[in-house]
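The structure appears right after this line, and notes come after that.
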There are 4 protein chains.
Amino acid sequence: MTNQSGVLYKITTFCDSHGPAIGVVIDGCPPQMKLDLDRIQADLNRRKPGQSHLTTSRQESDQIEVLSGLFEGYTTGTPLTFIIRQEDQKSHHYDSVKDLFRPGHADKTYYARFGIRDHRGGGRASARETAARVIAASVARQYLSDQYGISVLGWVDRVAHLKAHVEPEQITFDQVESNPVRCPDQDMAKQMETLILEVKKAGDTVGGVVGCIGKNIPEGWGSPVFDKLEADLAKACLSLPACKGFEIGSGFEGTYLRGSAHNDQWVMTNQGAQYQSNHAGGTLGGISTGQSLVIRTAFKPVSTHFLTQSTVNKAGELVEFKNEGRHDPCVLARAVVLVESAMLLTLMDHALRTRSIR
Amino acid sequence: MTNQSGVLYKITTFCDSHGPAIGVVIDGCPPQMKLDLDRIQADLNRRKPGQSHLTTSRQESDQIEVLSGLFEGYTTGTPLTFIIRQEDQKSHHYDSVKDLFRPGHADKTYYARFGIRDHRGGGRASARETAARVIAASVARQYLSDQYGISVLGWVDRVAHLKAHVEPEQITFDQVESNPVRCPDQDMAKQMETLILEVKKAGDTVGGVVGCIGKNIPEGWGSPVFDKLEADLAKACLSLPACKGFEIGSGFEGTYLRGSAHNDQWVMTNQGAQYQSNHAGGTLGGISTGQSLVIRTAFKPVSTHFLTQSTVNKAGELVEFKNEGRHDPCVLARAVVLVESAMLLTLMDHALRTRSIR
Amino acid sequence: MTNQSGVLYKITTFCDSHGPAIGVVIDGCPPQMKLDLDRIQADLNRRKPGQSHLTTSRQESDQIEVLSGLFEGYTTGTPLTFIIRQEDQKSHHYDSVKDLFRPGHADKTYYARFGIRDHRGGGRASARETAARVIAASVARQYLSDQYGISVLGWVDRVAHLKAHVEPEQITFDQVESNPVRCPDQDMAKQMETLILEVKKAGDTVGGVVGCIGKNIPEGWGSPVFDKLEADLAKACLSLPACKGFEIGSGFEGTYLRGSAHNDQWVMTNQGAQYQSNHAGGTLGGISTGQSLVIRTAFKPVSTHFLTQSTVNKAGELVEFKNEGRHDPCVLARAVVLVESAMLLTLMDHALRTRSIR
Amino acid sequence: MTNQSGVLYKITTFCDSHGPAIGVVIDGCPPQMKLDLDRIQADLNRRKPGQSHLTTSRQESDQIEVLSGLFEGYTTGTPLTFIIRQEDQKSHHYDSVKDLFRPGHADKTYYARFGIRDHRGGGRASARETAARVIAASVARQYLSDQYGISVLGWVDRVAHLKAHVEPEQITFDQVESNPVRCPDQDMAKQMETLILEVKKAGDTVGGVVGCIGKNIPEGWGSPVFDKLEADLAKACLSLPACKGFEIGSGFEGTYLRGSAHNDQWVMTNQGAQYQSNHAGGTLGGISTGQSLVIRTAFKPVSTHFLTQSTVNKAGELVEFKNEGRHDPCVLARAVVLVESAMLLTLMDHALRTRSIR
C-alpha cells in the first residue's frame, strides 16, 4: 500500500539503509523480454554515489542479483526480483543520532508514525531505497525502448541560481553524461561544479531543478480524472527524497500567459498538420498528446550539511547537533536518474493499462 | 482504476458533462458520523459557476441528493452515494466541435485513447466532474474537523502577474470569501478583478496560482516511500483540470537556499521546543510534522477563449475554430475549492491509513 | 475496498435495502460497445422477486436507468453508472427487529462492525444489492459473448435432498428457464416445486446447490498464485448472500479418486488431440484450460422463516422472535442468476487483465 | 496484481521452483512487534517436505533469512522481507518435460498465458511458492495471538474415503502433530498412513479434505458485500495448489437442512446469552460472529503420480509420459499448514482493515 507503486507494472521495494540487502519485486513485467542485465547495471551505476569528487565518497558496488522471474535470459511473466547486497556501511557514524532527530530528515516523523525507527543511515527513509526503483525503471526502459522506441532523458537544469540554457528537445545523453554535474550546458556545468565544490568546502549543501523529457510516446496513453498521466508523474516525482515541486510543460511560468498564447495550436508542415508548440508538455486531460513529455522537479538543498544545528531529542529537549560521515553536497546529478525512473515507471504502467482497456 | 481515488477513503466519481446526472460513491466513510448536508451544499456552492460576474453565466443549481449510506442522518459505514441531477445544458453549443478537436482540451487525446468521445461539454473530461470530488471532500472536511480540529483553506495567490501579499498562517476564511476572486489580499483582489474583466472583454483568459493550507494535522500521518503525503497531494492536485504545477513548502523557491538555511531548526519557546520555520511545508519523508501543510498549485489560463484558433479535425485537416457558449475567463476562484478538496481527500485517506497500521 | 470488485473491470455497488435507489458504477468498461439495455433488463428480471408463486410476492419493477458512460448508445470508456429507483418497500414490517438481531442474518455482526445499522430490510446486507451486480455482469455478458462467443449458464442442481440428473455440457438456457425452479431436469423440477410449496406452507425454508458452466473461454486466462481464476470465482461466489460452499470441477467428490484417475489425460480425436475428461473444471494452476469452466455452490436454507426463534436484543437479553413480511422459501432459482453473475464478472476482469500483460 | 494478496497486510511472494531463492515481502506489518524467528522457522518446518516416510524425500533446509524490516529484533513498520536460498534441486529430472505438458499441472496453461515457461519443477506454479506464504502467515500468527489471543489450527479431516471422527472445537495442536498424517483421530491416522503407503507403492496418489478452525476471533471483523470474511477465506484457500473446494460452517451438508434447523439460535447459559450452534461457521453477512471460524477444503489427489499418462507436447502431438523424481503421494499433511496460512493471512488483513474504519 505504501511500499508499492503502479497498477499493472507494480513494484514493491524493500530497503533499510544499513540492512543486509535492498531489493525490488516487479509484479507485472511482460513475459518473453530478453533482459539485458548490463544495461540495468549501467543505469544503476549512474545513480550510485562515489562517481566523482562532487558526490559522497561512500562506496557502493551495487551489484544486482536476480532472485526470480528470469529463465534462460528471458522474463517469464512471473515476479522479477532483484536484490543488492549491502556493503561499506559505517553504522557507527549514526550512533550520535540514535536519540535525536536530525533537521530536514524523516527521523522525527517516522518515530511519530511507527513508534520505532532504525536510526542507522535513515533506515527506510534513506535515499538508498531509490536504487531499487532505478532497477525496476531500467527494466521498463528496455521494454518501452524496444516496443515503442521511447526514450527518457533527464538533466540538471539549475543548481541554486545557476540555470542551464538548453532546449529540452535538443539535449542528448552524451551531453548530459559528459560532465559530473549532468548539465547539458557545458559552460554552466563548469560553474555549477565550482559552486558545488565551494559549498562542499563550507560544509553546506545546495539544491536545484532537474528536468526530464520523454520522446516518442504514442498518443492516447493515460487515464481520465484521477490517474492522469501528469498526476501519476507528479506523484512519482514527489515520492523521491528531497523533491519539493513538480511542473509539466509550461508549469508555473505558463500561468503568466493568456489562454490565446498558451493553447497549443496546429500548423501545416511538410509532414502534415502538427502542433505549433508544446506548452501542454505532452498531455491534455491526463492523456498523452504524442508530443514529448516535459517535466521539471525541484530538489531542496541536501538536509545533511556539516554545520551546527538546533534540534530536539527524544526527550523533547533542545540540543545542538552536527552531522558526521560521508554525504553529497548536491544530489542533483544523481537525482537525474531518479527523475528518469519516475517517468519510466509511470509510462510503463500506463502502457500496460492503456493496452488493457481500449 | 482511473475513476477512483484513495486507498481507504475511496471515492469513485461518474460524470458526463451533459449526461443526466453526476455523482460520487464514497467507499470507506466512517460510520456514525452525523452528516450536515447543508455544509456539503455550501462547499458545493463555492465551486459552482455563476457566483459572480467573473465566472461563467452557466447556471447550475447543483442540488445534492443522497442515494445510499445514510440512516436517520448518520453514516452507516456502507457506501455513501450522492448525485446531482444535471440542468441547463446547452448541448447545441457544442455541435460545431463534434468533428474537430479544441486546442488545450482533451478532445483529441480522449479520441485517441477510447476511439469515441462525447463531445458535448467535454464529456468526462469536463471540469463538471470536480463537483463530485467537492462533495466527497466536504464529507471528509466534517470528519477531519470534528475528530481532529483540522481546517483546510485555499486562496488565490496570483492571477497572471498579480501576486497577493499574504502570510499563509494568517489567512482567514472570511478574507478569502469577501471578494469574488477569493484573494485574501483585498487590494490585490481588486486589481485581479479588473484584470479578469479586461481579459474577459478581450475574449481571452488568464491563469495563476492557488495556495492552500491545512492546520492542526497531527504529527505522524502519511507513508514512507511511494505514498508520501506530498506525493499523494501532488497527484490529487495534478489530477485537477488545468493544473500544471505543484509545490510544497519552499517548493521551487527553496532550491535557491543553502541546506543550512533551508533545514527547519528548533527553538525554545514558552510552549516548549518548536520548529523555527516551515520550509518543509508540513512533511518530512512523506509524513506530517505537525506543522501546517502548505502547498501551491499552478493553473494554466483557461483553454476555452473566444479568439480564433487553428486546430485539426477528425479528418486530420487544419481548420479554424472559435468557441461559443458560456465559459470562465479565469477559474482560479472556483479552483480554490478544488485544491482544498484535493488536500481534504488526501488527508482523509491518510487519517484512516495511519490509524490502521500503527 | 469492500464495496468493490475486480481489478480492471471494477465495479462499485451501493444499496440500502430500503433506500431511495440502488446502483452500480462500472469503472473499466471497454469503450465502443453497443449496449443492449433490454438484455440487461432481461437478466435483471430473471433475478427479481415475484416471478412465480415460489418466490416472494414483493414486487420490484427494477427498471434500470443509465446515469453516465453511454453516448448515443455506445460505451465511452468512462464510468458506466446504473441505478434502480426503489419501490414497494414496507419498512414498517421491520419495526419489530429494530432492537433485536435476527438469527441467520447479519444484524448483529453489522452492529458489532459499525456500531450502527439500518435495520430496514437488512440495510446494506440485503440481497437487494445483488441486483447491482447482475447489471454489471450483464454488461460483461454482452462483451464476452460478442468478443469471444463465451456463454455462461447456471442452473439449480439440488434443492435439499432432491438432486437433478444433468450433464452440465448439455444443459440449455431453455431447459433452465422452462420451469420456475430453474432446474433443467424437468421431472426433478416438479418434485422440487412440490417440496418448496410444502416447506413454504410450513413457514420454513430450504437450501441447495446451484451449478454454473462457462463455455468457449479461451485457454490462457487467469493469473498465477493468488488471483487464480478459481480463487477469484470462489471469492465471487462466497460473497453472495447465503453462499456457504464452492467447488470447481471434481470438487469435494474428486478427493475420493486416485491421481491416476483424476488427471485429465489427452486422447486423439477427429478434431486432433483433446482432453479426455474435465475433472479440473476448466483451470489448471489458476489459468483456463480452454475446457468449460464448471462450478457448484452451496446455498444455505433461507434465514428468514416464519417459525418462532430465540435470539438476543441490543440489551443482550434472550427474546423470542418471529419474522413478518414477504420472503422466499427458497432462493435457488434467483441465485442462478447471481452465480452466473459471479462467473461473468470474474471472467470479464480476467479477460482485460490477460490482455494487458501477455 | 496477481502475486500479491491482502489490502493492508499485503504480501508479495516470488519464487521459481528451481531459482536461486524464494521469498516474500510483507507490506503493512505493524511496527514494534518483537518477532520470534524460531516460531516462523517452526511453522515453515511443518510445511517442508521430507518430514516423514509419507512425504517426498526432497530435502529442503528452508532456512529463513531476513532482508529488511527488522531492527534489533523488532518490526519497524517498513517492508519485512524474507528469503529462502534454494538447495537440493535436481533440475535434470525435468529435462523430459521441457517440451511436453504434464497432465494435472499448469504446464500448458502457463505456456498459453505467457508464451514461455520455466519447466523446471513447475516454475512459478510450483507449490514451493507456498513456503513464502507460510512465513508471512507465521508473522501474522504471532500478531493475532499476542494481540487478540487468536489461535488457528488445521488438521487432515479425510484422506480419500477415510474420514476422521473429530469435533473441531476439541482438536489440539498436539493431537494433530502426534502423527505424520496430521489427523487428530489417532485410529484413523493409522489407517490413513497405511493407505498412503499402499498408494505410494502403487505409484499413485490420493487427495482428501483439510479442516481448519480459528478461535477467539473478535466479533465484528470483516466487510460487507464483496470482501466478506468467508469470500476472502475462500479465495485464499482456492489459491492454494490442488485445492478444488471450500466450505464454511455447515457448507454443502447444511443445504440438506431446513432454515428453522440451520439458523443458529440463542440460549441462556451461566455465561449469559450464547449461540446454541455454529452452522454459520463464524460469520454472518461476511462479518465475524465471535464464534469459531470453521472451514473445510478439498485437495485433489496429487497430479504427479508415477503411472504412464497420455498428454500432448508443444507440437500438439499425443505423447506417453511418466513422471520422474521425488514427489508426495499425499500432500494433505503439509497442506494443513497452508490452510492455516490462508486463514491467518485473511484474518490479519481484516484485523487491520476493521481497525481502520470503525
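Here, each number is a calculation from the coordinates, and none is a lab measurement. Computed from a prediction, not measured in an experiment: that's the story for all the values here. Here the Cβ positions follow ideal geometry from the backbone for every residue, glycine too, while neighbour counts run over all protein chains shown.
Computed values, structure above
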{"read-out": "Environment charge of residue A:69, counting only residues whose C-beta is closer than 10 Å and scoring Lys/Arg +1, Asp/Glu -1", "value": "-2"}
{"read-out": "Inter-copy separations for residue C:320, label at 7 Å along Cα-Cβ, nm, ascending", "value": "7.5, 8.4, 8.9"}
{"read-out": "Label point distance in nm, residue A:145-residue C:197, each placed 7 Å from Cα along Cα→Cβ", "value": "7.6 nm"}
{"read-out": "Calculated label separations, residue A:271, copies of the chain, 7 Å along the beta-carbon direction, nm", "value": "5.0, 5.8, 7.7"}
{"read-out": "Size of charge dipole - chain C - debye, nearest 20, with Cβ of Lys, Arg +1 and Asp, Glu -1, no other charges", "value": "660 debye"}
{"read-out": "Cα gyration tensor shape of the range A:35-189, rounded if a/c is under 1.5, else prolate or oblate by comparing a/b with b/c", "value": "oblate"}
{"read-out": "For residue B:282, net neighbour charge (Lys/Arg +1, Asp/Glu -1) across residues whose Cβ lies under 11 Å away", "value": "-2"}
{"read-out": "Proximal lysines relative to residue B:98, as straight alpha-carbon distance under 20 Å, when same-chain residues fewer than 8 apart are discounted", "value": "B:90, B:108, B:314, B:322, C:34"}
{"read-out": "Test item: D:80-87 mean partner chain Cβ contacts at 10 Å", "value": "3"}
{"read-out": "Options D:308, D:290, D:260, ranked by Cα towards positive dipole end of the range D:240-349, top entry (Cβ charges)", "value": "D:308"}
{"read-out": "Signed unit charges on C-beta, dipole axis of chain B, positive-most listed residue B:64, B:325, B:180", "value": "B:325"}
{"read-out": "Nearest-20 debye value, the range C:143-293 charge dipole, Cβ charges on Lys, Arg, Asp, Glu", "value": "340 debye"}
{"read-out": "Dipole axis of the range A:78-119 (+1 Lys, Arg; -1 Asp, Glu on Cβ), positive-most option in A:112, A:92, A:79", "value": "A:112"}
{"read-out": "Residue-averaged beta-carbon neighbours from other chains (10 angstrom radius) around D:17-27", "value": "5"}
{"read-out": "Rounded if a/c under 1.5, otherwise prolate or oblate - the range D:212-309, Cα gyration tensor axes", "value": "prolate"}
{"read-out": "FRET efficiency for residue D:322 and residue C:274, using Cβ-Cβ distance with R0 set to 25 Å, rounded to 0.05", "value": "0.75"}
{"read-out": "Spacing of the two label points (7 Å from each Cα toward its C-beta) at residue D:98 and residue B:36, in nm", "value": "7.4 nm"}
{"read-out": "Neighbouring partner chain Cβ atoms per residue of B:346-353, average, 10 Å criterion", "value": "2"}
{"read-out": "Copies compared at residue A:151 - label distances in nm, ascending, label defined 7 Å from Cα in the Cβ direction", "value": "5.3, 5.5, 6.6"}
{"read-out": "The protein assembly as shown shape via C-alpha gyration tensor axes, a/c threshold 1.5", "value": "prolate"}
{"read-out": "Relative contact order computed over chain D (Cα-Cα under 8 Å; 6+ residues apart), in percent", "value": "21 percent"}
{"read-out": "Inter-part distance where the range C:113-168 and the range B:125-147 are each reduced to a Cα centre, Å", "value": "33 Å"}
{"read-out": "Residue A:216-residue A:63 FRET efficiency (beta carbon distance; Förster radius 41 Å; 0.05 resolution)", "value": "0.85"}
{"read-out": "Rotational relation C to A, axis-closest Cβ in chain C, residue and distance rounded to whole Å", "value": "C:356, 2"}
{"read-out": "Size of charge dipole - the protein assembly as shown - debye, nearest 20, with Cβ of Lys, Arg +1 and Asp, Glu -1, no other charges", "value": "0 debye"}
{"read-out": "Whole-Å distance, taken between Cα centres, linking the range D:241-312 and the range A:229-271", "value": "56 Å"}
{"read-out": "Among D:315-326, B:137-148, A:294-305, the order from most to least packed when residues are scored by Cβ within 10 Å on average", "value": "A:294-305, B:137-148, D:315-326"}
{"read-out": "Per-residue [θ]222 nm for the protein assembly as shown (sum of -39500 (n - 2.57) over DSSP H runs n ≥ 4, rounded to 500)", "value": "-8500 deg cm²/dmol"}
